[in-house]
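Structure first, commentary second.
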Amino acid sequence: MLELLQAQFVSLIAGIGSSEGLTDLFLMLFPFFLLAELPLNLFILTGVIRWYLRQLSATPVSATYRPRVSCIITCYNEGRDVEKTLRTLCEQLYPGEIELIPVVDGASINQDTMQVVRDFQVDPRIHSRRFLRPIAKWQRGGRVSSLNAGLQAATGEIVFALDGDTSFDNNVVSAMVRHFEDPNVPAVSGCLRVRNTWTSFTTAMQALEYFLSIHVSKVGLSEWNTVNNVSGAFGAFRRSFLVHIGGWDTHTAEDLDTTLRIKSYFGRRPLRIPFEPRAVAHTDVPTTLKSFFMQRLRWDGDLFFLYIRKHAHSMNPRMMGFPNFLMILAGGLFFQLVLPFLIVGYTVAGLILLSTEAIFFLFTLIYIVYLLVTVIFYVAGLLMVSDRPKEDLKFALLLPVFPLFMFLLRCWSVVCTLNEILRRGHEETAMAPWWVLKRGKKF
């Protein structure tokens, strides 16, 4: 059988010089499962165009909806970075009241961060309607424990869940809160940018990834009410709805978990989760390839735990509504869990079975396809979405390398998923102590 395949490949390669040989090689060997990404890409791109056309004809409206806002800032070992977070929240242009609730986890051993919070003062003469309500959790309980402690103390109608090492543009609260004037909005997703973009090659590639997957893609998804996740580093929620669903849950990846639990109500009520590209937060990302892979080991492994083990029962159109059900199947299950295995399997099979000429031809073709898609999304984002086009223009230098970076990331996703399947990797996260995760409900 192997000899027959090799003979077929030899004859195909021999005919590469003719159009028939190229066509036969393409039809026989091209990984057509990759073309399944085309409908999703078109779906997102049409959403971006639709959003842009709406903005051209939109009339500015003076907001009169000014509810009290509570900002829960989870702090563990951020040190001086917490000061920047608190200061940028005090400097918000939002005319309503903002309650700052920094929750210091493990304060007994986290003295540096605790001292920064203690030393921070809100000057009412400069920052009126800003109130500091710090919470010291002396025993470490993890991020979810901190969020729920902050939720219990919060008095605002709108609750922001924020990381202690994230800083914010001064319009984020105003831009996010206006969406909650619609009673059918339980949550709003904010836009994350990389703060240490040019520290290393690894941070630069992540910055481009954030721009394409968050800043651009979520605009398109939001237009069709299919936002895939409200970021844990920067998201806003209606407090009454959060209380209704029981706050944040014990396990890791609490942001996607909370988003999926909110979406389980979409089939019962006309709810929507908007994405606000004008509300921009800035965060630092891992600077080395090793630390980046370790971060994604947790992130990508959590996807299998949440989609397959914890939320499989709620993934039906009756609970989520048909559009979000299809998006979970495509964007969640297929593209994030199945497709990486197909890519790795195809690559390994190609390296074993194909000749050098065939490998070069096919992999060059696949690279060109992915590069073309990347360029289209980048140009669309730069012209229609970007709030910092001069800064984002520099990403053009990274475009030729980005498909290779994403291929490497897809291969690593296989390792992450297997780590969760075989070792329950979500229980090894540093986001919470082992005993907290162990006491959580098993799935």
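Only the coordinates and a few stated rules stand behind these numbers; no lab work does. In this text, all values refer to a predicted model and were calculated from it rather than measured experimentally. Cβ coordinates were reconstructed from backbone atoms using ideal geometry, including for glycine residues, and neighbour counts include every protein chain displayed.
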If amide H atoms are built 1.01 Å from N in the plane of the peptide, which residues on other chains or at least 5 residues away come under 5 Å of the amide H of Leu132? Leu100
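Sorting check: for 408-414, 228-234, which peptide has the highest mean count of neighbouring beta carbons within 10 Å, and how do the rest follow?
Details: 408-414: 17.4, 228-234: 21.7.
So the order, starting with the most tightly packed, is 228-234, 408-414.
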Please name whichever of Val243, Cys71, Thr364 sits farthest to the positive end of the charge dipole of the chain, dipole taken about the Cα centre and charges placed at Cβ: Lys and Arg +1, Asp and Glu -1. Val243
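If you take the beta carbon distance between Ile126 and Glu391 as r and set R0 to 41 Å, what does 1/(1 + (r/R0)^6) give as a FRET efficiency, to the nearest 0.05?
0.90
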Matching label, Rg/Rh (Cα atoms, Kirkwood Rh) computed from the structure shown, candidates (i) 1.00; (ii) 1.46; (iii) 0.97: (i)
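Subtract the Cα-Cα distance of Ile421 and Thr287 from 0.36 nm times their separation in residues, and report this length gain in nm to one decimal.
Numbers: separation 134, 0.36 × 134 = 48.24 nm, distance 2.79 nm.
Here the answer is 45.5 nm.
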Can you compute the FRET efficiency between Arg80 and Ser355 using 1/(1 + (r/R0)^6), with r the Cβ-Cβ distance and R0 = 45 Å? Round to the nearest 0.05. 0.20
Under unit Cβ charges (Lys, Arg +1; Asp, Glu -1), what dipole magnitude, rounded to 20 debye, does the chain have relative to its Cα centre? 1420
Along the Cα-to-Cβ line of Glu97, 7 Å from the Cα, sits a label point; which residues in the range 155-177 have backbone N less than 11 Å from it? 155-157
In nm, what is the difference between 0.36 nm times the number of residues separating Phe241 and Arg268 and their Cα-Cα distance? 8.3 nm
In nanometres, what is the gap between the two model label sites at Leu42 and Trp198, each 7 Å from Cα along Cα-to-Cβ? 3.9
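Mind putting a number on the dipole of the range 76-185 about its Cα centre? Charges go on the C-beta only, +1 for Lys and Arg and -1 for Asp and Glu, and I need it in Debye to the nearest 20. Show your work: numbers first, answer last.
Details: 12 positive and 16 negative charges, 58 e Å.
For the range 76-185, the charge dipole is close to 280 debye.
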Helix 254-263: inclination vs the chain longest Cα principal axis, degrees, rounded to 10, gives 90
Say each of Gln295 and Tyr52 gets a label point 7 Å from the Cα, pointing the same way as Cα to Cβ; how far apart are those two points in nm? 2.8
Just want the answer: with Cβ charges of +1 for Lys and Arg and -1 for Asp and Glu, which residue in Ser167, Phe395, Trp138 is farthest toward the dipole's positive end in the chain? Trp138
By average Cβ neighbour count within 10 Å, what is the ranking of 287-294, 320-327 from highest down? 320-327, 287-294
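Using only Cα atoms, what is the ratio of the radius of gyration of the range 67-287 to 2.2 N^0.38 Å? Numbers along the way, then the final one.
Values: Rg = 16.6 Å, N = 221, 2.2 N^0.38 = 17.1 Å.
That works out to 0.97 for the range 67-287.
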List the residues, sorted by chain then number, that are 5 or more residues from Trp138 or on another chain and whose placed amide H is less than 5 Å from its amide H. Ala107
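Mind checking the dipole of the range 292-376: about its Cα centre, +1 per Lys or Arg Cβ, -1 per Asp or Glu Cβ, Debye to the nearest 20? Show your work: numbers first, answer last.
Details: 5 positive and 3 negative charges, 81 e Å.
Rounded to the nearest 20 debye, it is 380 debye.
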If packing is taken as the average number of other Cβ atoms within 10 Å across a peptide's residues, how do 368-374, 330-336, 69-75, 174-180 rank, most packed first? 69-75, 174-180, 330-336, 368-374
The range 228-240 - phi-based ³J(HN,Hα) in whole Hz, Karplus 6.51/-1.76/1.60, Gly and Pro as x: 7, 6, 9, 4, x, 7, 6, x, 10, 9, 6, 4, 4
Loop only by DSSP, 15 or fewer other Cβ within 10 Å of the Cβ. Give me the GluC sites (Glu not before Pro) in the range 32-135 that pass, ordered by residue number. Glu91
